[in-house]
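The values are calculated or read from the model by the stated rules, or taken from the named source; none is laboratory data. The structure displayed is predicted, hence computed values, not measured ones. Neighbour counts run over all protein chains shown; Cβ positions are idealised from the backbone, glycine included. When the accessible area is computed, the model is the full protein with side chains, heavy atoms only, and any ligands, DNA or RNA have been set aside. Shrake-Rupley method; radii C 1.70, N 1.55, O 1.52, S 1.80 Å.
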Amino acid sequence: MRKAGLLLLVPALPILIVACLLLIAVLSVGGGTAPAQAACTSVNGKAFNQVEIPHGWGGAVAAAAKTAGVPASVLASQLEAESGWNPNAKSPVGAAGLAQFMPGTWASYGDGGDILNPVHAIAAQGRYMAALIKQLLPVARSSGQDIVRLALAGYNAGPGAVEAAKGIPAFAETRDYVDKIMRTAQEKYGASCPASGNVEVGALTGKWSRPLPGSTFTSGYGPRPTPAGTLNIGGNFHYGIDFATPGTAGTVVAVMDMKIVIAHELQSSSGTWVAGVSLDGKLTATYSHMEAGSLRVKEGDTVSAGTPLGTEGATGNVTGRHLHFEMYQGAPKDPRLGAVDPKLGEVKPIDPTPILKGKGVL
């Protein structure tokens, strides 16, 4: 079911996009399809695999995702689920086009375009998801739930359902829909591209910073029961420490000068997360559960202590908004091997508490 139009408009959340995608501006004229784009591009530091997207529509998806403030892989997965990439798809209840818009929703977000024109439909999808995100931000802030998942739930369940449930409604169809979108986004449209970083961000100082400035220390390293509502991944052992900020979400920063080896959106239990290795190679630090679409660094970047990495969030295997911070001895030989809690490749997890206290940031 698709909803009657929202009246709210929302500015695009900040998302970096490679310069070649600016060519998408030509798509707003006429009814043709987009020219073929590069098979693998980077949107906000997140690899976006366009190989599976037909007819060169990948660039249009990336532009719409920028408008919506969601990962392009999520928008692509959603469009596939709605129509199987068939621009002429129609349903018995009146939905039509790639995004299966109902007439009322199209009237609000179609901008007078043709509902069966794939470029018009993809752009409208970005505008509609942006409006949903703005509408549901209060629910995300009060509940600590991931705004992207809430927006997907609102798209499927209809007006007011997420607000009434104060989260994802307990409808089997809606929950299955959200899980399928996120899974396909990661597995099919979020494949890794070669790192495009190797940029030094800020002056290297050798100083240390609190990983979430202005936050409260909420959970320590060591044995503890698995929190209710989460998967038991660490075997009742907490392989890191947690921080949370009161009120609005805080900014996650680098604790030390380091090289970014992982910058991933919505990956497994860690959600949106970053891993960095100290410049002497003695320590690896990871920052998990950040807000989707908030990453400010790329793999290969060298950052100084205090450099913003992303925004505190509630993505992955969590029950509420916070930062999960881990440290390991040494640098992983291949950071992509098993790079989720509780192990990062071959390196050994250690308690970050005495290190941060010794540096005066805890």
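Things to note:
- 32 Å Cα-Cα threshold exceeded, pairs from K188/K282; K259/K357; K90/K134; K66/K90: K188/K282
- Distance between the range 122-159 and the range 93-114 - C-alpha centres, whole angstrom: 18 Å
- Probe 1.4 Å, protein heavy atoms only - accessible area per residue of the range 71-124 in square angstrom: 34 Å²
- Check: the range 241-305 dipole with +1 on Lys, Arg Cβ and -1 on Asp, Glu Cβ, in debye: 60 debye
- In the range 56-150, Cα pairs under 8 Å separated by at least six residues give a relative contact order of 27 percent.
- Spin-label pair V199/T216, simplified geometry with 7 Å Cα→Cβ offset, distance in nm: 3.6 nm
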